[in-house]
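The values are calculated or read from the model by the stated rules, or taken from the named source; none is laboratory data. Keep in mind it's a predicted model, so treat the numbers as computed, not measured. Backbone-built Cβ (ideal geometry, glycine too); neighbour counts: all protein chains shown. Ligands, DNA and RNA are stripped out before the accessible areas are found, and what is left, the full protein with its side chains, is counted by its heavy atoms. Shrake-Rupley method; radii C 1.70, N 1.55, O 1.52, S 1.80 Å.
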Amino acid sequence: MLRATLFVLFLLHLFILPTVAIGPLHDLSLHTLYEYQFAQRMQWGTDLIETAGPFGFLHFADTYSGILWRAKILFQFAWAAVLSLLIVQAAWRFFANGGVRALWLAAAFLGLSSEAEMASTEGFPYLAILLAAAFLLGRGISPLSAAARVALAALLAFLSLMKVGNLPLCLLLVAVYAVQELVRKRPLAAVREAAAYSGFFALGWMAAGQSLAHLPAYFRHVLDFASGYNDSVALYEPRYMTMLGASALACVVIYSAWRFFADPPPREKAGWWVFAALCAFAVWKHGFVRADIHMYYFFDFALAAAALVFLPDVPAPRPAPNHPSLPLCVVGVAGFFLVVCLCSLGYGLFFERSLGSKFAYGSSALRERVRTLGRLRDHVAILDLQRADLRKRLALPRLRAAAGDGTADALTWEMNSLLLNGFRYRPRPIPLCYMAFNDALLRESARFLADDARAPEFLLADLFSFDERLAPMEDSLAKLEMLFRYRPVEPEKGKVLLKRVAGSTGPVLTAAGDERTFRFGQDIPVPQGKGLLWVKIRVQPTAVGRLRALLYKPPLIQLSWTEGGKGPPWRAARFLPALAETGFLVRPLICDNAQLLATYAAMEDRKADGPPPVQMLRLDLTDPATQRYVRDEIVVSFWSVANASRQTP
């Protein structure tokens, strides 16, 4: 009876319903796009290269687009039931002591209260993967049945198809389990689990309407995203938050390493200690590379992970091997409460939350969810009204009429503007400019616009930067193709509709001089003259800098520039080495739609004034103490951009 009650409590706690209609923000636009792409059965790896997998739309429970909302609600109920079952089963399987069991349940409730409060499932997969690892790798008191192992393989396969970030962790878990079973001289168990995971992954892939032939491209682009994520989307938190997060991580890693070496042979739980440490590191890095609300999610994960890692699974203290004077359970409970204190400080200092307020918010969200379930039809009707209101606010009647039945893509965050206005949406493989994280993804996006058979007839442009980055760096090669292959039709509400020019040809880059080397803080003169000018800037990390980027993230670099011969003051934006090495258009430097239209005017009429020319560039480290992480050698080359079929300014 107690287990059933706890299951229902967690089920209601974790059952997330849609709370917000689609909006113009980039996250909401992406969530809608995932539903649209799944409904259209677009192909991941070829048509689409994204941070979410084919079932990614199910991960974002809080948004309502009106496309697949019934499927999302049904899935969220099933997802909440599975995670609730894992949590409750873990309480009795992993902890024989009632008090320790209560600590685990409290940690799980608090660790998932943020998701309940913010109607987000961001932290669900990480906890589910860690729980699956605990079951598979021997964290429990008794062996796991074969049927349960197959069910966990199915869960891991499905999570792998939801988000790109889940895939490496799930593969790592299957690999650790296989190695552990091989060490135990049980090769068939290792093969069965790997085969079950692979089989369920393939079945899920095909169930989402995907072709198995596209899997190699999908995996390749997963690596592209992983290699560029660190540099391209990093945000920078206060130092005290870094210390708190790193300290919580260190507690888990050090304790896991100690238990790995201290446990007596045959070390039945060795795989568990290895995976727990690596999983905690992966979640920490995700949270502190993207150091915004993701730090909150890390602390949530750390609460639950600390209970699984530190709390003892025996009813009474047992001396730790090689440490007879230090009872194992005392060390574990002390470590658990240390991590709880660190998480509490992180909540309070940065997010102005306490463990008490998290419990209150979680309880309040639970009660509100119960009320919403009782009037679900009215709740959906309200969301429909919000969506209708948004359609009116984002209406683009002139641009919609101009596009007619032509296909369209968006160079903006607001893909919803296309969907809500009824455009025939044909997205680029990387739908948002900021998601082209490195050279491979930049070129993939440009190839799409260069291909007459695939490229849309129209582009809806609304250029601005993401995370204070230099806007021309984002999707730079695609924007260059846009300049040569599209022409403006008309603007409306700050957006500009561009139409593809039949028979147009793309840009050709020609070196405009030799490479030159500069230092941080040194002015970099930009060649003056007519025509488009491209710049490539190469900044290399030191050996220590590579290690820092692997374990944490690279230091923040700022690009400053002066325009029009006016001299200071300098304008500044965030500089991204991975994108700058491919290059971006520096003459003119197009940062918004006004400068885009001015550039087009100058390309059509040499007498027209284009955007003000850039005179000087300069790179600076925002924190001089990080100089040891980057080589003080900035290699710069300029390239003229031409097209035989078109005049340039």
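Within the set of pairs 6 or more residues apart or between chains, which connect a residue that is open to solvent by less than 60 Å² (accessible area, probe 1.4 Å) and modelled with pLDDT of 90 or more inside region 314-342 to a residue that is in a helix (DSSP H, G or I) and among the small types (Gly, Ala, Ser) with Cβ atoms less than 6 Å apart?
Phe336/Ala306; Val339/Ala248; Val339/Ala302; Val339/Ala306; Leu342/Ser247; Leu342/Ala248
With the condition kept exactly as written, say whether any residue in region 509-523 is over 16 Å from Pro588 (Cβ atoms) and among the hydroxyl-bearing types (Ser, Thr, Tyr).
Within region 509-523, one or more residues are over 16 Å from Pro588 (Cβ atoms) and among the hydroxyl-bearing types (Ser, Thr, Tyr).
When region 90-106 is examined, which residues are found to be assigned to a helix (DSSP H, G or I) and either free of Cβ contacts under 8 Å to residues at least 12 places away in the same chain or open to solvent by less than 10 Å² (accessible area, probe 1.4 Å) (or both)? Lay out the reasoning, then the answer.
Step one: filter region 90-106 for residues assigned to a helix (DSSP H, G or I), giving 90-94, 98-106.
Ala90, Ala91, Phe94, Gly98, Gly99, Arg101, Ala102, Trp104, Ala106, listed by residue number.
Say whether the condition of being assigned to a helix (DSSP H, G or I), under 18 Å from Pro431 (Cα atoms) and within 20 Å of the chain's Cα centre (by Cα) is met by at least one residue in region 16-26. First the steps, then the outcome.
First, the residues of region 16-26 that are assigned to a helix (DSSP H, G or I): 26.
Subsequent filtering for residues that are under 18 Å from Pro431 (Cα atoms) retains 26.
With the extra rule that they be within 20 Å of the chain's Cα centre (by Cα), the set shrinks to 26.
Among the residues of region 16-26, at least one is assigned to a helix (DSSP H, G or I), under 18 Å from Pro431 (Cα atoms) and within 20 Å of the chain's Cα centre (by Cα), which makes the answer yes.
When you check Leu172 against the structure, is it among the hydrophobic types (A, V, I, L, M, F, W, C) and under 24 Å from the mean Cα position of the chain (by Cα), yes or no?
Spelling it out, Leu172 is indeed among the hydrophobic types (A, V, I, L, M, F, W, C) and under 24 Å from the mean Cα position of the chain (by Cα).
Which of the residues that make up region 236-272 are at pLDDT below 90 and open to solvent by less than 40 Å² (accessible area, probe 1.4 Å)?
Answer for region 236-272, where residues must be at pLDDT below 90 and open to solvent by less than 40 Å² (accessible area, probe 1.4 Å): Arg259, Ala262, Asp263, Ala270.
Looking at Leu58, Leu6 in this structure, which one is at pLDDT below 90, part of a helix (DSSP H, G or I) and hydrophobic (A, V, I, L, M, F, W, C)?
None of the other options fit; the residue is Leu58.
Could you please give the count of residues in region 583-627 that are assigned to a loop (DSSP other than H, G, I, E, B), touching a strand residue (DSSP E or B) at 6+ places or on another chain (Cβ under 7 Å) and open to solvent by less than 20 Å² (accessible area, probe 1.4 Å)?
Filtering region 583-627 for residues assigned to a loop (DSSP other than H, G, I, E, B) gives 583, 588-592, 605-613, 622-623.
Those still in the list that are touching a strand residue (DSSP E or B) at 6+ places or on another chain (Cβ under 7 Å) too: 583, 589, 612-613, 622.
With the extra rule that they be open to solvent by less than 20 Å² (accessible area, probe 1.4 Å), the set shrinks to 583, 589.
Of the residues in region 583-627, 2 are assigned to a loop (DSSP other than H, G, I, E, B), touching a strand residue (DSSP E or B) at 6+ places or on another chain (Cβ under 7 Å) and open to solvent by less than 20 Å² (accessible area, probe 1.4 Å).
Within region 350-442, considering only helices (runs of 4 or more DSSP H) that don't extend past its boundaries, which have at least 1 residues that are open to solvent by 70 Å² or more (accessible area, probe 1.4 Å) and farther than 22 Å from Val20 by Cα?
355-374, 397-403
Could you say which residue among Thr46, Thr121 is over 22 Å from Val333 (Cβ atoms), over 18 Å from the mean Cα position of the chain (by Cα) and in a loop (DSSP other than H, G, I, E, B)?
When all the criteria are applied, what remains is Thr46.
Given the structure, is Thr5 open to solvent by 30 Å² or more (accessible area, probe 1.4 Å) and either under 24 Å from Arg375 (Cα atoms) or within 22 Å of the chain's Cα centre (by Cα) (or both)?
yes
How many residues are assigned to a loop (DSSP other than H, G, I, E, B), among the hydrophobic types (A, V, I, L, M, F, W, C) and either open to solvent by 60 Å² or more (accessible area, probe 1.4 Å) or free of Cβ contacts under 8 Å to residues at least 12 places away in the same chain (or both) if we restrict to region 492-519?
Of the residues in region 492-519, 1 are assigned to a loop (DSSP other than H, G, I, E, B), among the hydrophobic types (A, V, I, L, M, F, W, C) and either open to solvent by 60 Å² or more (accessible area, probe 1.4 Å) or free of Cβ contacts under 8 Å to residues at least 12 places away in the same chain (or both).
For region 435-460, what are the residues that are touching a Lys or Arg at 6+ places or on another chain (Cβ under 7 Å) and touching a residue at least 40 places away in the same chain (Cβ under 8 Å)?
Ala455, Pro456, Glu457, Phe458, Leu460
Just the residues that are open to solvent by less than 10 Å² (accessible area, probe 1.4 Å) and farther than 18 Å from Glu581 by Cα, please, taken from region 473-487.
Met482, Leu483, Phe484, Tyr486
Being of a type in the set (A, V, I, L, M) and part of a loop (DSSP other than H, G, I, E, B) is the filter here; which residues of region 544-559 pass it?
Across region 544-559, the qualifying residue is only Leu556.
Run down Thr517, Thr505, Thr510 and say which single residue is farther than 30 Å from Phe281 by Cα, modelled with pLDDT under 90 and of a type in the set (S, T, N, Q).
Criteria check complete, one pass: Thr505.
Here are some residues: Phe75, Phe55. Which one is open to solvent by 10 Å² or more (accessible area, probe 1.4 Å) and without any contact (Cβ under 8 Å) to a residue 60 or more places away in the chain?
Step by step, each of Phe75, Phe55 is checked, and only Phe75 is open to solvent by 10 Å² or more (accessible area, probe 1.4 Å) and without any contact (Cβ under 8 Å) to a residue 60 or more places away in the chain.
Among the residues that make up region 544-555, is at least one of them hydroxyl-bearing (Ser, Thr, Tyr), over 30 Å from Glu457 (Cβ atoms) and either touching a strand residue (DSSP E or B) at 6+ places or on another chain (Cβ under 9 Å) or open to solvent by less than 10 Å² (accessible area, probe 1.4 Å) (or both)?
No, because not a single residue in region 544-555 is hydroxyl-bearing (Ser, Thr, Tyr), over 30 Å from Glu457 (Cβ atoms) and either touching a strand residue (DSSP E or B) at 6+ places or on another chain (Cβ under 9 Å) or open to solvent by less than 10 Å² (accessible area, probe 1.4 Å) (or both).
Condition check: touching a Ser or Thr at 6+ places or on another chain (Cβ under 8 Å), within 17 Å of Thr562 (Cα to Cα) and either at pLDDT 90 or above or small (Gly, Ala, Ser) (or both). Does Leu617 satisfy that?
For Leu617, the condition - touching a Ser or Thr at 6+ places or on another chain (Cβ under 8 Å), within 17 Å of Thr562 (Cα to Cα) and either at pLDDT 90 or above or small (Gly, Ala, Ser) (or both) - is met.
Looking at Leu182, Leu188, Leu169, which one is in contact (Cβ under 8 Å) with a residue 40 or more places away in the chain and of a type in the set (A, V, I, L, M, F, W, C)?
Being in contact (Cβ under 8 Å) with a residue 40 or more places away in the chain and of a type in the set (A, V, I, L, M, F, W, C) holds for just one of Leu182, Leu188, Leu169, which is Leu169.
Would you point out which residue out of Leu11, Leu2 is out of contact with any Cys (no Cβ under 7 Å at 6 or more places or on another chain) and in contact (Cβ under 8 Å) with a residue 24 or more places away in the chain? Full working, then the answer.
Values: Leu2 fails: in contact (Cβ under 8 Å) with a residue 24 or more places away in the chain.
Of the residues listed, the single one that is out of contact with any Cys (no Cβ under 7 Å at 6 or more places or on another chain) and in contact (Cβ under 8 Å) with a residue 24 or more places away in the chain is Leu11.
Would you check which residues across region 277-304 are at pLDDT 95 or above, buried (at least 19 other Cβ atoms within 10 Å of the Cβ) and more than 13 Å from Ala246 (Cα to Cα) and list them?
Residue satisfying the conditions is Cys279 alone.
Taking region 31-44 only, how many residues are open to solvent by 10 Å² or more (accessible area, probe 1.4 Å) and either touching a strand residue (DSSP E or B) at 6+ places or on another chain (Cβ under 8 Å) or under 21 Å from Arg393 (Cα atoms) (or both)?
3
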